[in-house]
Amino acid sequence: MTAMNTTPPTPSPASHFDAAARDWDQRPTSQQLAAVAPRLLAQLPLSPTDQVLDFGAGTGLLATQIAPLVAQVTALDTSAAMLEVLQAKGHANITTHCGDVFAGLPGRYHAIVSCMALHHVADTAALLRAFADALHPGGRIALVDLYLEDGSFHGDNAAKGVQHLGFAPEALGALAQQAGLADIHFSHIVQLQQRNGRSYPLFLMTGRKS
Ligand SMILES: C[S@@+](CC[C@H](N)C(=O)[O-])C[C@H]1O[C@@H](n2cnc3c(N)ncnc32)[C@H](O)[C@@H]1O
């Protein structure tokens, strides 16, 4: 007789975000992330004819703030439920695209932005190469994520699909340069207070396709 395995299966990262989608915007972390868009936009020159990609757009905390300033925002995410919440916000110039970034980016862009999605992708070098390939010459990146942390930010890293415990700017900047991006600059963008009583700094990395 075989013993029954009573350990529940680890949920996939997509199902984690699918389950979290409905209440995503009400989370204390999301409410603190509202400060990211105006600070990022202060460092990202955009024009009304621009096409912008938001990688790991989720419910569109960033995409909805950028959309009024540009021609089109493509919101890319693997979670259909997160994108459904974004679609319900009814922005005419946001196109949602449900799929993995490595399945091919659906266009070419004047800017690629992202907030808190980089740490979910194992191969950062390949991700930055995909961004560089999808940018028009002179196109820009503006990417927000955690500085290196000790693993306590998410708590359950495996269930949430965390691949990196934040990033060291020197190492991430070097990968961006190797991908063909120039003028790499890091700045502190926001400090997130978590329920564990600790506070975590986030960076904004900007750069330009050379
Ligand atoms: C922590 S959430 C951030 C969502 C949103 N940017 C925000 O700040 O609220 C990370 C998002 O990245 C998406 N994601 C993770 N890996 C991805 C991949 N390989 N391709 C596309 N989206 C991905 C997840 O589904 C999730 O919605």
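The values are calculated or read from the model by the stated rules, or taken from the named source; none is laboratory data. Given the structure is predicted, the values throughout are model-derived calculations rather than measurements. Counting neighbours? That spans all protein chains shown, and the Cβs are built from the backbone with ideal geometry, glycine included. Quick note on the areas: whole protein, heavy atoms, side chains included, nothing else; ligands and nucleic acids left out. Shrake-Rupley method; radii C 1.70, N 1.55, O 1.52, S 1.80 Å.
Over the chain, dividing the summed -39,500 (n - 2.57) contributions of all DSSP H runs of at least 4 residues by the number of residues returns a 222 nm mean residue ellipticity of -6500 deg cm²/dmol. Summary value for the chain: 20 percent relative contact order, contacts being C-alpha pairs under 8 angstrom separated by 6+ residues. Rolling a 1.4 Å probe over the protein heavy atoms of the range 19-81, with every protein chain left in place, gives an accessible area that is 55 percent carbon and sulfur. ASP77 exposes around 20 Å² of accessible area when a 1.4 Å probe is run over every protein chain in place. When GLU84, GLU149, GLU170 are compared by accessible area at a 1.4 angstrom probe, the order from most to least is GLU170, GLU84, GLU149. Relative to the Cα centre, the charge distribution of the chain, modelled as +1 at Lys and Arg Cβ and -1 at Asp and Glu Cβ, gives a dipole magnitude of about 300 debye. Evaluating 6.51 cos²θ - 1.76 cosθ + 1.60 at θ = phi - 60° for every residue in the range 194-205, the Karplus couplings come out as 10, 5, 6, x, 9, 10, 10, x, 10, 9, 10, 9 Hz, glycine and proline recorded as x. Could you point to the residue in LEU69, ASN157, ALA19 farthest towards the positive end of the chain's charge dipole, with +1 and -1 charges on the Cβ of Lys/Arg and Asp/Glu respectively? Going by the Cα projections, it comes out as LEU69. Computed on the range 96-203, with alpha-carbon pairs under 8 angstrom and 6+ residues apart, the relative contact order is 27 percent.
The shape of the range 13-209 comes out rounded: with a ≥ b ≥ c from the C-alpha gyration tensor, a/c is under 1.5.
At a probe radius of 1.4 angstrom, the accessible area of the range 13-209 per residue rounds to 43 square angstrom.
Computed from backbone phi with θ = phi - 60° and the Karplus coefficients 6.51, -1.76 and 1.60, the 3J(HN,Hα) list for the range 54-70 is 9, 7, x, 5, x, 8, x, 3, 8, 4, 5, 7, 7, 3, x, 9, 9 Hz; x is used for glycine and proline.
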